[in-house]
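Working notes for the structure below.
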Amino acid sequence: MMQRQFSQLDSVWPAALARRLGAMLYDGFLVAGIWFVVTVVHVAFARFVLGLEAQQVGQGPLQVASLRLLLVLSAMAFFIYSWTRGGMTLGMQAWRLRVQTPDGFSISVMQSLIRCLTAWVSLAALGLGYWWVLFDGERRSWPDIVSGTRTVVLPKRNK
């Protein structure tokens, strides 16, 4: 996929922690909805395609592992698609945030994948990867640093 250059490059600035957390909260609700649908499909597949009895659904390491894998992959797909398509998720749109390369281009699938994997590590470290924004001179989080991207605030639209 070809990277596209974004507009408004002179009027964006690095995103602060509070704005990032607001977007993460919005996106958390979206991911929860995606996970709900994935779980319903997983249960329906086990029940009606595999023919398991109701008491057997969700039992056993294979069912648990497959559901967990689907949940992780669906969340990653949501973020990778959103970031490579337009640089922002729905939560980021609400908070006027965009992920881009340092020179203002859309990010690649590989950069998005690296951002996702680093985000899991950042969250697992009690959010330290995001608190890092408070200490980094360029307001970069661990996902920004590792993937070579920037999270910026867009100016308000003129009406």
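The values are calculated or read from the model by the stated rules, or taken from the named source; none is laboratory data. None of these values were measured; they are calculated from a predicted model. FYI the Cβ positions are ideal-geometry reconstructions off the backbone, even for glycines, and counts take in every protein chain you see. Side chains are part of the model used for accessible areas, which takes the heavy atoms of the whole protein and leaves out ligands, DNA and RNA. Shrake-Rupley method; radii C 1.70, N 1.55, O 1.52, S 1.80 Å.
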Next item on the list: Can you tell me the dipole magnitude for the chain around its Cα centre, using point charges on the Cβ only (Lys, Arg +1; Asp, Glu -1), in Debye to the nearest 20?
Entry: 500
Note to self: Can you classify region 99-159 as rounded, prolate or oblate using the Cα gyration tensor, where a ≥ b ≥ c are the square roots of its eigenvalues, rounded means a/c under 1.5, and otherwise it's prolate if a/b beats b/c and oblate if not?
What the structure shows: oblate
Note to self: I'd like to know which of Gly28, Met92, Ser141 lies farthest towards the positive end of the charge dipole of the chain, counting +1 on Cβ of Lys and Arg and -1 on Cβ of Asp and Glu.
What the structure shows: Met92
Checklist line | Helix-derived mean residue ellipticity, 222 nm - over the chain, DSSP H n ≥ 4, -39500 (n - 2.57), to 500 | finding: -17500 deg cm²/dmol
Checklist line | Most to least packed among 30-42, 67-79 [average Cβ atoms within 10 Å] | finding: 67-79, 30-42
Margin query: Using amide H atoms built in the peptide plane, which far-off residues or other-chain residues are under 5 Å from Gly127 H to H?
Written below: none
Notebook entry, point to check: Which whole number of Å³ per residue matches the convex hull of the alpha-carbon atoms in the chain?
Noted result: 139
Next item on the list: With only Lys, Arg, Asp and Glu charged, each at its Cβ (+1 for the first two, -1 for the last two), find how big the charge dipole of region 93-159 is about the Cα centre; round to the nearest 20 debye.
Entry: 460
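Where only protein heavy atoms count, and the probe is 1.4 Å, what is the accessible area per residue for the chain in Å²?
Solvent-accessible surface per residue comes out at 61 Å².
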Check: Using modelled backbone amide H atoms (1.01 Å from N, in-plane), which distant-in-sequence or interchain residues come within less than 5 Å of Trp95's amide H?
Finding: none
Check: How much length, in nm to one decimal, is gained on full extension between Gln55 and Phe135, taken as 0.36 nm per residue of separation minus their Cα-Cα distance?
Finding: 23.7 nm
